[in-house]
Structures are given as structure tokens and as C-alpha cells.
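K.L.:
This is the structure I want to talk about, given as C-alpha cells.
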Amino acid sequence: KREFFLEGSGFFDFAREPGNQVEPFFSRRIGLDANFNPQKIDFGLKLTGQLKGQDIGLLQVRTGRDDDDASVIGEDFTVLRVRRRLLTQSYVGGMYTRRAARLSGAPDLNTAGMDFNLGTSRFRGGQNLEVSGFWLWNTNPLGTGQNHTYGIRLNYPNDVLSGRVSLRE
């Protein structure tokens, strides 16, 4: 139902650990209130594509105010994702998101992060080996100091012998 947010969503993937993906933002919640009722969207812009070995995604959406409901104040959402492809199976990338209420004195919510995946299918002749990781920081209006996360993973996904070790905080 929300094709605008679904098309090209792969350009915004972050730390693509299978089955345990980190999601700095979830585009399908933009334009929905706390009870998942649709809000008015004033405008939206999305650019996705590839440029000289890089995958780029840019999203800008403005939701509208509701004069009948003071809790619906309208917000601006910005997402920028750049992922540089390396060799055949690897990448390094960065992401920035911003959620800004269009209300005087309301704090902007920002998230910034980096991720990487280094992989080969030629380890020890013809085996697969991957090392991946991520780091994310976000604003914390509560001031608890808990505003970052990170993880690293070593993956050996092969027939007969397979294994994975990961650390996440």
C-alpha cells in the first residue's frame, strides 16, 4: 500500500546481517501516527541509484500538521545512505538520518553510522568467509548517555563446516 517507501528500499539497508539486521530507521512508519493511523504527507522526495561504484539513497519527507489534532504536529524526515562497493563481494558505507518536529523548541533526532562487509568466496581455495561490522550513534533526548551501538561478526558459511561468531553491544 505504501509503494513510495518500498521501492528501492535496499539502497537504505544497513549492517545486513542475515536474520539480525540493524535498522536505524524504518521508512514504512513515516506518515503514521503512534496508533499507526495514516497522516497527511505534504511532500516526499526519494532518489536512489548507483554512481561510480557507489549505491546512494536519499529520502526527504514532510508530514502535515492536523489542525483538529494538536498531537499531530508535522515532521521532516531526512535519510542519506552511501555505500561504496569494494572488490566483488564487499562494501563500506555510511548513513545519516534526521527526524525534526516542526514545533518550536522540539529537539531534532539524529542518527549517524558506518558499516562494512568484507567477503570472499576464495578463502582456502573456494570457501566463503565474511567479516562485517557496524557502529551507530544517535541523539538521546533523555540524556542517559546510552546513545551508541556497535557490532562485529565473523561468518564462515560453507557446506559441511559452517560457523559464525558475533559481538554486539
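K.L.:
Set the Förster radius R0 to 25 Å, insert the Cβ-Cβ distance between Leu129 and Arg168 as r into 1/(1 + (r/R0)^6), and round the FRET efficiency to 0.05.
P.N.:
Working: r = 20 Å, r/R0 = 0.79.
Using R0 = 25 Å, I get an efficiency of 0.80.
K.L.:
Between exposed chymotrypsin sites (Phe, Trp or Tyr not before Pro) in the chain, where DSSP calls loop and at most 10 other Cβ atoms lie within 10 Å, what's the longest gap? Walk me through the numbers on the way to the answer.
P.N.:
Working: sites that count: Phe26, Phe36.
After excluding every exposed loop site, the longest remaining stretch is 37-169.
K.L.:
Give me the Kirkwood hydrodynamic radius of the range 113-169 in Å, from all C-alpha pairs, to one decimal place?
P.N.:
Working: mean 1/r = 0.0761 Å⁻¹.
Answer for the range 113-169: a Kirkwood hydrodynamic radius of 13.1 Å.
K.L.:
Mean residue ellipticity at 222 nm from the helices of the chain, using -39,500 (n - 2.57) per DSSP H segment of n ≥ 4 over the full residue count, to the nearest 500 deg cm²/dmol?
P.N.:
Details: 1 runs with 4 residues, N = 169.
The per-residue figure over the chain is -500 deg cm²/dmol.
K.L.:
Between Asp76 and Val92, what length in nm is gained on full extension when 0.36 nm per residue of separation is reduced by their alpha carbon distance?
P.N.:
On the way: separation 16, 0.36 × 16 = 5.76 nm, distance 2.73 nm.
Full extension from Asp76 to Val92 adds 3.0 nm.
K.L.:
How much net charge surrounds Glu75 when only other residues with a Cβ under 9 Å from its Cβ are counted (Lys, Arg +1; Asp, Glu -1)?
P.N.:
Numbers: positive: Arg62, Arg99, Arg102; negative: Asp76.
That works out to +2.
K.L.:
Residues with beta-carbon under 10 Å from that of Leu58, excluding Leu58: net charge, scoring Lys, Arg +1 and Asp, Glu -1? Write out the running numbers ahead of the final one.
P.N.:
On the way: positive: Lys46, Arg81; negative: none.
Surrounding charge for Leu58 is +2.
K.L.:
Where only protein heavy atoms count, and the probe is 1.4 Å, what is the accessible area per residue for the chain in Å²?
P.N.:
Per-residue value: 64 Å².
K.L.:
To continue, here is another question. According to a simple spin-label model (label point 7 Å from Cα along Cα-to-Cβ), what is the distance in nm between Ala106 and Thr139?
P.N.:
With each label placed 7 Å out from Cα toward Cβ, I get 1.1 nm.
K.L.:
Distance from the Cα centre of the range 97-169 to that of the range 49-88, in angstrom?
P.N.:
Result: 19 Å between the Cα centres.
K.L.:
Using a 1.4 Å probe over the heavy atoms of the protein chains, calculate the carbon and sulfur portion of the accessible area of the chain as a whole percent.
P.N.:
Values: 5770 of 10810 Å².
Looking at the chain in its full context, I get 53 percent from C and S.
K.L.:
How much of the calculated P(r) for the chain lies past 24 Å, in percent of all Cα pairs? Please report the intermediate quantities before stating the final value.
P.N.:
Values: 6583 of 14196 pairs.
For the chain, the share of Cα pairs beyond 24 Å comes to 46 percent.
K.L.:
Here is a follow-up. Tell me the relative contact order for the chain as a rounded percent, counting alpha carbon contacts under 8 Å between residues six or more apart. Before the final figure, lay out the partial values.
P.N.:
Numbers: 344 pairs, mean separation 21.1, N = 169.
Contact order relative to length: 12 percent.
The values are calculated or read from the model by the stated rules, or taken from the named source; none is laboratory data. Remember, predicted model here, so these are calculated numbers, not experimental data. Here Cβ is always computed from backbone atoms with ideal geometry, including for glycine, and neighbour counts include all displayed protein chains. For accessibility, only protein heavy atoms count, side chains too; no ligands or nucleic acids. Shrake-Rupley method; radii C 1.70, N 1.55, O 1.52, S 1.80 Å.
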